[in-house]
1. Give me the residue from the range 45-70 that is outside any loop (DSSP other than H, G, I, E, B), charged (D, E, K, R) and out of contact with any Asp or Glu (no Cβ under 7 Å at 6 or more places or on another chain) and, out of that set, farthest from Ile99 (Cα to Cα).
2. Kindly provide the set of residues from the range 223-262 that are farther than 24 Å from Asp101 by Cα and in a loop (DSSP other than H, G, I, E, B), ordered by number.
3. Please go through the range 199-210 and pick out each residue that is in contact (Cβ under 8 Å) with a residue 40 or more places away in the chain and more than 17 Å from Ser129 (Cα to Cα).
4. Which condition breaks for Leu98 when tested against (1) more than 16 Å from Leu46 (Cβ to Cβ); (2) buried (at least 23 other Cβ atoms within 10 Å of the Cβ)?
5. Can you tell which of Phe89, Phe104, Phe73 is surrounded by fewer than 24 Cβ atoms within 10 Å (Cβ to Cβ) and either in contact with a Cys (Cβ under 7 Å, 6 or more places away or on another chain) or assigned to a loop (DSSP other than H, G, I, E, B) (or both)?
6. Of the residues that sit in the range 147-162 and are at pLDDT 95 or above and either under 17 Å from the mean Cα position of the chain (by Cα) or of a type in the set (Val, Ile, Thr) (or both), which one is nearest to Asn239 (Cα to Cα)?
Amino acid sequence: MTPPADLREPVELAGQLSVVIPVYNEEATIEQLVNLVLARPEPGELIIVNDASKDRSWERLQAFRANPRVKLFNQEVNQGKGAAVIRGFSEATKPYVLIQDADFEYSPEDYPTVLAPLAAGKADVVYGSRFMGTPGMVRYFRHEMGNKVLTFFSNLCSDIHLSDMETCYKAFRREVIQNLKLDSQRFGIEVEMTAKLAKCRCLRIWEVPISYNPRRYDEGKKITWKDGIAALWHIFKYNCLANRELFYKRPWSEVLGEERAG
């Protein structure tokens, strides 16, 4: 993938990215995935949070303990993807932060595309959309329709028009994502982030096309219809019930400046 036509001006990205990788039972892919990320110039640090995996994921991650670009954290009790992502965000130190799943559904080769609007100063948040006409493997119909239904209801309640709310590839300016108060423990983290980013009304949110290689359920795909039902509840909760004054740690005027936040 290459950046959009108006974002192809060369921008220095080497070492500017914190990659947050939540891990749960990914022993078959985690070493190769980490090596792929480390081979990219953009990541300055990999923040890997093992969420009490029951397989050998944590053991395999020890191969990277001596690497100065890799930060390893182990949660003794399984808490869910959301908890691992939140821990990763809190440890990030680079200008940009991106979530990377521990399998091969999303390709690190798309980092330049996702980061381009941030590095060009055009965006505060970028969603990498799987549904913007990019080529790829044929996907599960019900799973894709489920994603689109959740995105529709999220758009309806948040009043921003995304094509892929549930995408893993979300990238942020570090000060933006670290200003959110997040509490979702499982896959509801995607809905919660979207609602809280949308409701502040002062962030520039972009979408860019990315490639996608969906894995099969027999390969370890974890999300189920129960997570879809939970996501609908989270959409209603964070967009309609929650107190927006509690969404953020500091006023956006302190994070973005008076002119932007005003």
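1. Here is the first cut: in the range 45-70, the residues outside any loop (DSSP other than H, G, I, E, B) are 45-51, 57-64, 70.
From what is left, the residues that are charged (D, E, K, R) are 45, 51, 59-60.
Right, trim to out of contact with any Asp or Glu (no Cβ under 7 Å at 6 or more places or on another chain) and you get 45, 51, 59.
Values: Glu45: 12, Asp51: 15, Glu59: 22 Å.
It comes out as Glu59.
2. Those that are farther than 24 Å from Asp101 by Cα and in a loop (DSSP other than H, G, I, E, B): Ala242, Asn243, Phe247, Lys249, Arg250, Pro251, Gly257, Gly262.
3. Lys199, Cys200, Cys202, Leu203
4. (1)
5. Numbers: Phe89 fails: either in contact with a Cys (Cβ under 7 Å, 6 or more places away or on another chain) or assigned to a loop (DSSP other than H, G, I, E, B) (or both); Phe73 fails: either in contact with a Cys (Cβ under 7 Å, 6 or more places away or on another chain) or assigned to a loop (DSSP other than H, G, I, E, B) (or both).
Result of the check over Phe89, Phe104, Phe73: Phe104.
6. Going through the qualifying residues, I end up with Ile160.
Every residue, every condition in (1) among the β-branched types (Val, Ile, Thr); (2) closer than 27 Å to Asp164 by Cα; (3) within 15 Å of the chain's Cα centre (by Cα); (4) surrounded by 15 or more Cβ atoms within 10 Å (Cβ to Cβ), yes or no:
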residue: Ile47; (1), (2), (3), (4): yes, yes, yes, yes
residue: Asn50; (1), (2), (3), (4): no, yes, no, yes
residue: Glu59; (1), (2), (3), (4): no, no, no, no
residue: Asn67; (1), (2), (3), (4): no, no, no, no
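Results for (1) in contact (Cβ under 8 Å) with a residue 24 or more places away in the chain; (2) within 20 Å of Tyr212 (Cα to Cα); (3) of a type in the set (Ser, Thr, Tyr); (4) in contact with a Leu (Cβ under 8 Å, 6 or more places away or on another chain), shown as yes or no for each residue.
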{"site": "Gly15", "(1), (2), (3), (4)": "yes, no, no, no"}
{"site": "Ile21", "(1), (2), (3), (4)": "yes, yes, no, yes"}
{"site": "Pro41", "(1), (2), (3), (4)": "yes, no, no, yes"}
{"site": "Phe89", "(1), (2), (3), (4)": "yes, no, no, yes"}
{"site": "Ala119", "(1), (2), (3), (4)": "yes, no, no, yes"}
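The values are calculated or read from the model by the stated rules, or taken from the named source; none is laboratory data. Keep in mind that what you see is a predicted model, and the values were worked out from it rather than measured. Positions of Cβ are generated from backbone atoms using ideal geometry, with glycine treated the same way; all protein chains shown enter the neighbour counts.
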